[in-house]
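To keep things clear, I will list the structure first and then write my remarks on it.
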Amino acid sequence: MNGVCLNSLSYADDMVILSPSIKGLRKLLSVCEHYANAHGLKNNVDKTEMLIFKACKGPDRTPGIILNGKAVRVVQKFKYLGHVLTEHLKDNSDIEREGRALSIRCNMLARRFGKCSKEVKITLFNAYCQCFYTCQLWTNFFKKSFSAIRVQYNDAFRILMGLPRYCSASTMFAESGVPNFYCIVRARVASFWERIRNSNNGILRVVCEGMPRPISDYWLSVHRYWNKK
């Protein structure tokens with residue numbers, strides 16, 4: 001990317017190896033094996049999985065990958081650092097993951113704090129129901145999935161506050177001083193880009209400068225649409 005080779009990304013003990021071919025992947029895994037053996041380490045094959053990104057239609061069968069004498073399991077989706085990646089680079093699975101997490105948090109608040117004051121409920125809602133972890137990476141999804149989590153967010157606030165199901169979402173958020181779904185996602189995106197652009201980390205700077213146009217163009221179009229709304 002941008003003239004820099006980014007084929008190995010690590011965070012603590014989680015490592016991702018990227019390769020455009022099976023031959024290249026085998027070579028990279030061989031380097032990992034030799035390094036581990038030289039430093040008294042061992043790769044956990046049971047926790048190692050291979051995800052093949054299918055940008056276009058290719059062969060149905062893919063040659064296997066061996067690590068420490070064992071075959072590496074091939075999966076169709078994988079959760080890395082909390083974000084769900086799929087073979088077709090769709091974000092619907094990750095949106096559904098965040099939707100399930102939102103349901104759990106909202107049900108907990110409604111069950112435990114249903115009798116609290118309005119101010120307490122709003123404070124708790126702002127603290128627990130506006131995370132939308134990695135929503136700034138959602139760029140390729142079905143509108144149905146995106147709309148579903150937005151409606152879920154609105155309904156969660158109605159349930160917690162004891163409001164009618166079909167009351168106006170815009171009105172209830174404005175009267176309570178709570179940001180709506182679009183405001184939260186827009187703020188996450190802006191914060192994400194600002195942190196990357198101002199980071200001193202060499203890899204992040206390369207990623208920012210070489211960010212694929214579809215991602216940056218998509219968010220620019222989304223910002224224009226939301227600002228009009």
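The values are calculated or read from the model by the stated rules, or taken from the named source; none is laboratory data. The structure displayed is predicted, hence computed values, not measured ones. Quick note on the areas: whole protein, heavy atoms, side chains included, nothing else; ligands and nucleic acids left out. Shrake-Rupley method; radii C 1.70, N 1.55, O 1.52, S 1.80 Å.
Got a number for carbon plus sulfur as a percent of the chain's accessible area, 1.4 Å probe?
Here it works out to 56 percent.
Need one number: the % of Cα-Cα pairs in the range 71-158 sitting beyond the 19 Å mark.
For the range 71-158, the fraction of Cα-Cα distances above 19 Å is 46 percent.
Out of all DSSP beta bridges with both ends in the range 25-162, state the antiparallel percent to the nearest 5.
65 percent
When you have a sec, figure out the Kirkwood radius of the range 160-204 from all distinct Cα pair distances and drop it here in Å to one decimal?
About 13.1 Å, per the Kirkwood formula over Cα pairs.
For the chain, build the convex hull from the C-alpha positions and give me its volume per residue in Å³.
It comes to 179 Å³ per residue, whole-number rounded.
For the range 1-51, just the Cα atoms, rotate onto the principal axes and tell me the three extents in Å, largest first.
Ordered largest first, the range 1-51 gives principal extents of 35, 22, 20 Å.
Quick check for you: with a 1.4 Å probe and neighbouring chains kept, what is the accessible area per residue of the chain, in Å²?
66 Å²
If one puts a single equal scatterer on every Cα of the range 70-121 and applies the Debye formula without solvent, what log₁₀ I(q)/I(0) results at q = 0.21, 0.28 Å⁻¹?
Rounded to two decimals, the profile gives -0.79, -1.03.
Using just the helices of the chain, give the 222 nm mean residue ellipticity in deg cm²/dmol: DSSP H runs with n ≥ 4 each add -39,500 (n - 2.57), and the total is spread over all residues, rounded to 500.
My calculation for the chain gives -17000 deg cm²/dmol from helical runs alone.
So who's got an amide H within less than 5 Å of the one on Lys79, skipping anything under 5 residues away but keeping other chains? H placed 1.01 Å off N, in plane.
Here Leu85 satisfy the definition.
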